[in-house]
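Colleague: Supplied in structure tokens, the structure appears directly below.
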Amino acid sequence: MSQRFDMVVDHGAADESIDRAVIANQLATTSALRERLDDHGGVILGDEVGAGKTYVTFALLAEALAKDPRKGAVILVPSELLKTKWCDQLQDYLRAAMRDRKLAERLIERITPVNRSLRDDGSFDDRHRGRRPARNAIVIMTHRVY
């Protein structure tokens, strides 16, 4: 199953200092989560701090959006600080890890941090402040929005 992800991303390219065994564990987790998502439509990822939950999530997103680039995603995070961090790190991950560089750049353009008004808050790209997210946006917002 991790071959499915290897076709889409070079997971180790995102941070070359990460041990290959850790990367293998992250990809195994990603594959297990993909199977559960396919079977049940949802999954909860809980792991110790530093185990790579963020990178596992990024690999899942990259694989899902590469499979059907017309779709979007919604990512809920607990704080404004994490919203900014996830926008930056998702951009870096897609740019470094995705094998299809053109698709990576198109996905990066769709990253949209939103505020309570459900409009782009401009924190990722000030030119987009106040815009409504596109139908296929990768929306990142705090769970307090609702």
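Colleague: Give the residues of the stretch 83-118 that are open to solvent by 50 Å² or more (accessible area, probe 1.4 Å) and within 15 Å of residue 138 (Cβ to Cβ), sorted by residue number.
Modeller: 84, 85, 88, 89, 92, 95, 105, 106, 109, 118
Colleague: Any idea which of 50, 122 is part of a loop (DSSP other than H, G, I, E, B), at positive phi, open to solvent by less than 60 Å² (accessible area, probe 1.4 Å) and out of contact with any Asp or Glu (no Cβ under 8 Å at 6 or more places or on another chain)?
Modeller: The conditions single out 122.
Colleague: Could I ask something else about it? For the stretch 71-82: of the residues being in contact with a strand residue (DSSP E or B) (Cβ under 9 Å, 6 or more places away or on another chain) and more than 21 Å from residue 8 (Cβ to Cβ), which is surrounded by the most Cβ atoms within 10 Å (Cβ to Cβ)?
Modeller: Among those residues, the one meeting the criterion is 77.
Colleague: Across the stretch 49-66, what is the number of residues that are in contact (Cβ under 8 Å) with a residue 40 or more places away in the chain and among the basic types (Lys, Arg)?
Modeller: Result for the stretch 49-66: 0.
Colleague: Still on this structure, please answer the following. Please go through the stretch 14-36 and pick out each residue that is hydrophobic (A, V, I, L, M, F, W, C) and within 15 Å of the chain's Cα centre (by Cα).
Modeller: Hits for the stretch 14-36 are 14, 27, 33.
The values are calculated or read from the model by the stated rules, or taken from the named source; none is laboratory data. Owing to the predicted nature of the structure, the values given are computational and were not obtained by experimental measurement. Neighbour counts run over all protein chains shown; Cβ positions are idealised from the backbone, glycine included. Just the protein is used for accessible areas: all its heavy atoms, side chains included, with ligands, DNA and RNA removed. Shrake-Rupley method; radii C 1.70, N 1.55, O 1.52, S 1.80 Å.
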